[in-house]
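A.B. asks: Quick one: structure below, then a few questions.
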Amino acid sequence: MTDSRIVLFGATGYTGRLTAAALVGRGVAPVLAGRNAETLSKLADELGGLDTAVADVGDPSSIRALVGRGDVLVTTVGPFHRWGAPAVEAAIDAGAHYLDSTGEPAFIRRVFEHWDGPAQSADIAMLTAFGYDYVPGNLAGALALEEAGPEATSVVVGYFTRGGNSVSRGTLTSAAQAALEPGFVWRDGELRDETVGHDLLHHPADRKRTPSSLSVSATEHFSLPRIYPNLLDVRVGIGVAGAATIAVWAGGRVVQELLRLPGARGIARKAVIATLQGSGGGPSDEHNSNSGCLITAHAFAADGTELARVTLEGPSVYGFTAEALAWGAERMADGVVQERGALGPVEAFGLRGLESGCASIGLAPSGS
């Protein structure tokens with residue numbers, strides 16, 4: 001480990017606590033940052049005595065004070081569409097590397113399109129959505145495309161869970177806000193606007209099973225075409241409700257049409273903000289211990305022929321996110337990431353490096 005500090009902003013939230021424990025488990029002593037000094041102090045003591053710092057998104061200077069050049073700022077403070085910008089801008093201003101746990105399309109797009117240039121100028125690496133959303137799919141997609149070779153022009157990635165769905169309040173708030181904001185997709189060799197849940201995707205597993213998912217906007221749409229320039233289409237989906245996914249998709253299409261009515265989107269945004277207050281708890285330890293994730297990727301030729309198929313299995317959604325953030329932050333602090341700007345996971349760590357890192361936290365090919 002170098003002298004670079006790892007600062008965890010949002011340490012006392014649900015994902016933040018898991019990430020703090022994961023860092024300590026790796027022998028790292030992060031600085032715990034958040035709004036409440038008393039809660040921070042209690043968590044720091046529980047984890048063996050860590051440094052703490054009070055910071056709040058309402059006071060951007062307090063976040064800027066957390067990090068210096070060469071440090072690593074990890075943030076789990078969401079919804080990122082509302083509260084994420086101060087941490088990004090603090091990292092750029094300080095020259096500190098940056099990771100976050102978002103899964104929100106509008107924020108992901110802003111990182112890649114708005115903050116990529118400033119991050120390059122600041123000589124920092126910036127990794128957004130570095131958790132279950134969307135590290136596993138980047139890995140699975142890249143593995144499938146490597147196997148398929150240059151004939152591959154499209155890839156379809158699917159995210160599924162095992163052991164039931166249970167989400168934190170922060171995830172629920174972020175998902176509700178994401179559904180109200182513009183999404184995107186990589187189609188016909190360019191980034192296009194598309195609402196989240198626009199398509200129902202299918203992921204052939206075998207002759208008897210073809211699970212479905214709702215299309216989402218992810219980092220795969222930005223990062224995979226930069227690595228594989230022959231890619232014309234990237235589709236990513238999340239299987240949200242098992243056999244009921246088709247019904248959820250149909251209902252979502254109806255909701256999107258209703259949101260086209262004058263003033264409807266603004267009313268919906270206000271309702272989400274008023275009723276969903278962000279962090280405040282999540283799945284139990286028992287649920288996380290008994291659940292897991294399954295990721296699929298299918299690479300296709302231009303004529304629709306399937307060229308390669310990859311299936312990865314791993315730990316619980318939140319367990320993976322915490323361990324991925326901890327692994328990524330430690331690697332960044334060690335100076336492993338040489339590229340600069342807004343990066344995807346494969347761009348940052350290389351395919352073999354990311355594959356090895358994910359395997360170390362339990363994400364590996366199915367049946368291995």
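The values are calculated or read from the model by the stated rules, or taken from the named source; none is laboratory data. Owing to the predicted nature of the structure, the values given are computational and were not obtained by experimental measurement. Here the Cβ is made from the backbone with ideal geometry for all residues, glycine too, and neighbour counts use every protein chain on show. Surface accessibility is based on the protein's heavy atoms, side chains included, excluding ligands, DNA and RNA. Shrake-Rupley method; radii C 1.70, N 1.55, O 1.52, S 1.80 Å.
A.B. asks: How many of the residues in the range 52-66 are closer than 16 Å to A96 by Cβ, open to solvent by 50 Å² or more (accessible area, probe 1.4 Å) and in a loop (DSSP other than H, G, I, E, B)?
C.D. replies: Step one: filter the range 52-66 for residues closer than 16 Å to A96 by Cβ, giving 53, 55, 60-66.
Now narrow it down to the ones that are open to solvent by 50 Å² or more (accessible area, probe 1.4 Å): 60-61, 64-65.
Next cut, in a loop (DSSP other than H, G, I, E, B) only: 65.
Number satisfying all stated conditions: 1.
A.B. asks: State yes or no: is S217 modelled with pLDDT of 90 or more, assigned to a strand (DSSP E or B), within 29 Å of R260 (Cβ to Cβ) and of a type in the set (S, T, N, Q)?
C.D. replies: Values: modelled with pLDDT of 90 or more: yes; assigned to a strand (DSSP E or B): no; within 29 Å of R260 (Cβ to Cβ): yes; of a type in the set (S, T, N, Q): yes.
No: the conditions fail for S217.
A.B. asks: Please name all residue pairs, on different chains or six or more residues apart, with Cβ atoms under 7 Å, provided the first residue is in the range 210-237 and is farther than 15 Å from T153 by Cβ and open to solvent by less than 30 Å² (accessible area, probe 1.4 Å) and the second residue is in a loop (DSSP other than H, G, I, E, B) and of a type in the set (S, T, N, Q).
C.D. replies: T219/T128
A.B. asks: Does P365 satisfy being open to solvent by 60 Å² or more (accessible area, probe 1.4 Å), in contact with a strand residue (DSSP E or B) (Cβ under 8 Å, 6 or more places away or on another chain) and under 20 Å from I295 (Cα atoms)? It would help to see each step written out before you state the result.
C.D. replies: On the way: open to solvent by 60 Å² or more (accessible area, probe 1.4 Å): yes; in contact with a strand residue (DSSP E or B) (Cβ under 8 Å, 6 or more places away or on another chain): yes; under 20 Å from I295 (Cα atoms): yes.
Criteria met by P365.
A.B. asks: Which residue is modelled with the highest pLDDT, if the candidates are limited to the range 146-190 and must be under 19 Å from the mean Cα position of the chain (by Cα), more than 24 Å from Y14 (Cα to Cα) and open to solvent by 30 Å² or more (accessible area, probe 1.4 Å)?
C.D. replies: Top of the filtered list is W186.
A.B. asks: What are the residues in the range 10-57 that are farther than 18 Å from V77 by Cβ and touching a residue at least 40 places away in the same chain (Cβ under 8 Å), if any?
C.D. replies: G25, R26, V28 - these are the residues of the range 10-57 that are farther than 18 Å from V77 by Cβ and touching a residue at least 40 places away in the same chain (Cβ under 8 Å).
A.B. asks: Something else about it: With D71, D45, D51 as the choices, which residue is of a type in the set (D, E), over 25 Å from the mean Cα position of the chain (by Cα) and closer than 23 Å to M332 by Cα?
C.D. replies: Going through D71, D45, D51 in turn, just one is of a type in the set (D, E), over 25 Å from the mean Cα position of the chain (by Cα) and closer than 23 Å to M332 by Cα: D51.
A.B. asks: Against the condition surrounded by fewer than 21 Cβ atoms within 10 Å (Cβ to Cβ) and outside any helix (DSSP H, G or I), how does R69 come out, does it pass?
C.D. replies: Numbers: surrounded by fewer than 21 Cβ atoms within 10 Å (Cβ to Cβ): yes; outside any helix (DSSP H, G or I): yes.
Judged against the criteria, R69 is a match.
A.B. asks: Is there a residue in the range 35-51 that is modelled with pLDDT under 95 and either touching a Cys at 6+ places or on another chain (Cβ under 7 Å) or not in a strand (DSSP E or B) (or both)?
C.D. replies: Of all residues in the range 35-51, those modelled with pLDDT under 95 come to none.
No: zero hits.
A.B. asks: Name the residues in the range 295-327 that are open to solvent by 10 Å² or more (accessible area, probe 1.4 Å) and hydroxyl-bearing (S, T, Y), would you?
C.D. replies: Residues satisfying the conditions are T296, T305, T311, Y318, T321.
A.B. asks: Among what's in the range 73-91 and is open to solvent by less than 30 Å² (accessible area, probe 1.4 Å) and touching a Pro at 6+ places or on another chain (Cβ under 8 Å), pick the residue that is farthest from V7 (Cα to Cα).
C.D. replies: Once the filter is applied, the top-ranked residue is P86.
A.B. asks: Just need a number here: residues in the range 59-93 that are aliphatic (A, V, I, L, M) and in contact with a helix residue (DSSP H, G or I) (Cβ under 6 Å, 6 or more places away or on another chain).
C.D. replies: 9
A.B. asks: I'd like the full set of residues that are of a type outside the set (A, V, I, L, M) and within 29 Å of V196 (Cα to Cα), limited to the range 62-96.
C.D. replies: In the first step, residues of the range 62-96 are kept if they are of a type outside the set (A, V, I, L, M); the result is 62, 64, 68-71, 75-76, 78-84, 86, 89, 93, 95.
Within the range 62-96, T75, T76, G78, P79, F80, H81, R82, W83, G84, P86, E89 meet the criteria.
A.B. asks: I need a count of the residues in the range 107-132 that are of a type in the set (A, V, I, L, M, F, W, C), touching a strand residue (DSSP E or B) at 6+ places or on another chain (Cβ under 7 Å) and not in a loop (DSSP other than H, G, I, E, B).
C.D. replies: So the answer is 6.
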